[in-house]
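The values are calculated or read from the model by the stated rules, or taken from the named source; none is laboratory data. Source: prediction; values computed, not measured. Glycine also receives a Cβ, built like all others from the backbone with ideal geometry; neighbour counts cover every protein chain displayed. Surface accessibility is based on the protein's heavy atoms, side chains included, excluding ligands, DNA and RNA. Shrake-Rupley method; radii C 1.70, N 1.55, O 1.52, S 1.80 Å.
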Amino acid sequence: QVQLVESGGGLVQAGGSLRLSCAASGRTFSSAAMGWFRQAPGKEREFVAVIRWSSSDTYYADSVKGRFTISRDNSGNTVYLQMNSLKPEDTAVYYCAAARRWPYSRPDRNVYDYWGQGTQVTVSS
């Protein structure tokens, strides 16, 4: 089975930076895209960013454009999320997700096939 494991979350002051990573494992793993979602308490899980594995094309939610950067590691099946200029409203559990086929509806969480357990990001003011 495919497993996604996130790491890198923690507590940071507003304006600071964090780098999240997501490692995919499993002999049958084959992903067209890997991305990040986040969910704050009482809120819906929302799209953050996604990268197309073959082309490295990236897409971002408007709320994080210019601050977050998603990237990939081909050989290690790893995706990263560099988060700069963090704001308190970025506080959430961040989830890694993978799609076997390219999700043309990229923000739709229902088209992603695999999910990590989540890592907590807390931004203090």
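If you take the C-alpha gyration tensor of the chain, multiply each eigenvalue by 5 and take the square root, what semi-axes do you get, largest first, in whole Å?
23, 14, 14
May I ask you to derive the relative contact order of the stretch 31-125, considering only C-alpha pairs under 8 Å and at least 6 residues apart, and to give it as an integer percent?
Worked out over the stretch 31-125, it gives 31 percent.
Taking Cα pairs under 8 Å and at least six residues apart, what relative contact order does the stretch 84-125 come out at, in percent?
Taking the mean separation of contacting Cα pairs over the length of the stretch 84-125, I get 56 percent.
Where does the charge balance sit around Asn84 when Lys and Arg score +1, Asp and Glu -1, over other residues with C-beta under 13 Å from its C-beta?
Values: positive: Arg19, Lys65, Arg67, Lys87; negative: Asp90.
That sum, taken over residues with Cβ under 13 Å, equals +3.
Using +1 at the Cβ of each Lys and Arg and -1 at the Cβ of each Asp and Glu in the chain, identify which of Ser7, Pro41, Ala92 lies farthest towards the dipole's positive end.
Ser7
Probe radius 1.4 Å, ligands and nucleic acids ignored: give me the carbon and sulfur share of the accessible area of the chain as a rounded percent.
Within the chain, the accessible surface is 42 percent carbon and sulfur.
Consider a paramagnetic label point 7 Å from the Cα of Ser17 along Cα→Cβ; state which residues of the stretch 26-57 have an amide N under 19 Å from it.
From the stretch 26-57, the list is 49.
What whole-number value in Å² describes the accessible area per residue of the chain for a 1.4 Å probe?
Numbers: 6580 Å² over 125 residues.
So the chain comes to 53 Å² accessible per residue, rounded to a whole number.
Which value, in debye to the nearest 20, describes the size of the charge dipole of the chain about its Cα centre when Lys and Arg Cβ atoms bear +1, Asp and Glu Cβ atoms bear -1, and nothing else is charged? Display every interim value, and only then the final one.
Details: 14 positive and 10 negative charges, 36 e Å.
Once rounded to the nearest 20, the dipole reads 180 debye.
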